[in-house]
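Peer 1: Encoded as structure tokens, here's the structure I'll be asking about.
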């Protein structure tokens, strides 16, 4: 049981670190998507919003369940182990409901958004 506890804690810790890095990258990419919204290209922007929400939700749920299992460990070790193992499955469960927390890049959308940003910067520089 101690091996399972250690496995769950280490796995959730590194998953949260990974999600933090992905979230930083998503913030940088999201600024490019915002330039294409006024032109009517909202698909990439909506996908970006869904992905950021999924990352935040899975990180919150995993951390909450890990904390809950550590509080439960004093009274019922088997229930605490079950909660920890369930916390490891939160990203897969969220994916079943359409909240994908993996990194997928639509290159055409990124190219279009960056081209729009460059053209907007040129227009502002001329004025």
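Peer 1: So residue 98 clears everything in (1) assigned to a loop (DSSP other than H, G, I, E, B); (2) without any contact (Cβ under 8 Å) to a residue 12 or more places away in the chain except one condition, right? Which one?
Peer 2: (2)
Peer 1: Just a yes or no: is a residue in the range 100-111 at pLDDT 75 or above and within 30 Å of residue 1 (Cβ to Cβ)?
Peer 2: No: zero hits.
Peer 1: So in the range 13-52, with the set limited to residues that are within 17 Å of the chain's Cα centre (by Cα), over 26 Å from residue 87 (Cα atoms) and exposed (fewer than 15 other Cβ atoms within 10 Å of the Cβ), which one is modelled with the lowest pLDDT?
Peer 2: Selected residue: 31.
Peer 1: Let me ask you something else. Return the residues of the range 53-76 that are loosely packed, with under 14 Cβ neighbours inside 10 Å, part of a helix (DSSP H, G or I) and more than 21 Å from the chain's Cα centre (by Cα); say none if nothing qualifies.
Peer 2: Of everything in the range 53-76, just one residue is loosely packed, with under 14 Cβ neighbours inside 10 Å, part of a helix (DSSP H, G or I) and more than 21 Å from the chain's Cα centre (by Cα), namely 71.
Peer 1: Restricting the first residue to the range 42-60 and requiring it to be touching a residue at least 24 places away in the same chain (Cβ under 8 Å), which pairs with a second residue that is outside any helix (DSSP H, G or I) meet a Cβ separation below 6 Å and a spacing of at least six or different chains?
Peer 2: What qualifies is 54/99; 54/100; 54/101; 55/101; 58/101.
The values are calculated or read from the model by the stated rules, or taken from the named source; none is laboratory data. As the structure is a computational prediction, the values presented were derived from the model and not from experiment. Cβ coordinates were reconstructed from backbone atoms using ideal geometry, including for glycine residues, and neighbour counts include every protein chain displayed.
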